[in-house]
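The values are calculated or read from the model by the stated rules, or taken from the named source; none is laboratory data. As the structure is a computational prediction, the values presented were derived from the model and not from experiment. Counting neighbours? That spans all protein chains shown, and the Cβs are built from the backbone with ideal geometry, glycine included. In case anyone asks, the SASA skips ligands and DNA or RNA and just uses the protein heavy atoms, side chains included. Shrake-Rupley method; radii C 1.70, N 1.55, O 1.52, S 1.80 Å.
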Amino acid sequence: QVQPVESGGGLVQAGGSLRLSCEASGGTFRRRDMGWFRQAPGKEREFVACISWSSDNTYYADSVKGRFTISRDKARGTVYLQMNSLKPADTAVYYCAMNQGGPYYLSGAYGAWGQGTQVTVSS
């Protein structure tokens, strides 16, 4: 079964940048839309960004629009999340997941979640 594997998290100062990667373990992401979600301590998991299989369509949460960019390299089978102008409010565990059909902004529409990668932004 395909399992997303996230990497690239870390500790960064406010205003800095990080690039997260999501690779497929045990297969490929096939023709799936892919999403990034995040969960901060004590909060529910929230939508961050989604990219269609063809990469023609991208969607972002209002809180990250203009700062984050989602992309995918189909040849490598990798999905990326470039995060710029990071803020302390962006601190969370970031998860990559495959859309199984359904609204791109709902976590319930996704399956095969990764273990997550921690992003910490200091002020």
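Our coupling estimate for the range 76-88, obtained by passing each phi through the Karplus curve with A = 6.51, B = -1.76, C = 1.60 and θ = phi - 60°, is 8, x, 10, 10, 10, 9, 8, 10, 10, 6, 5, 10, x Hz, Gly and Pro reported as x.
For the range 1-70, which GluC sites (Glu not before Pro) are in a loop by DSSP, counting at most 11 other Cβ atoms within 10 Å? It would help to have the intermediate numbers written out before the result.
Working: sites: Glu6, Glu23, Glu44, Glu46; in loops: Glu44.
Counting only loop positions with at most 11 other Cβ atoms within 10 Å, the GluC sites (Glu not before Pro) in the range 1-70 are Glu44.
Annotation: cysteines of the chain without a disulfide-compatible partner (Cβ-Cβ under 4.7 angstrom) are Cys50. Looking at the chain, the accessible area is 52 square angstrom per residue; that uses a 1.4 Å probe and ignores ligands, DNA and RNA. Could you look at the chain and say what percent of its accessible area is carbon and sulfur, using a 1.4 Å probe and all protein chains? Carbon-and-sulfur percentage of accessible area, whole number: 44.
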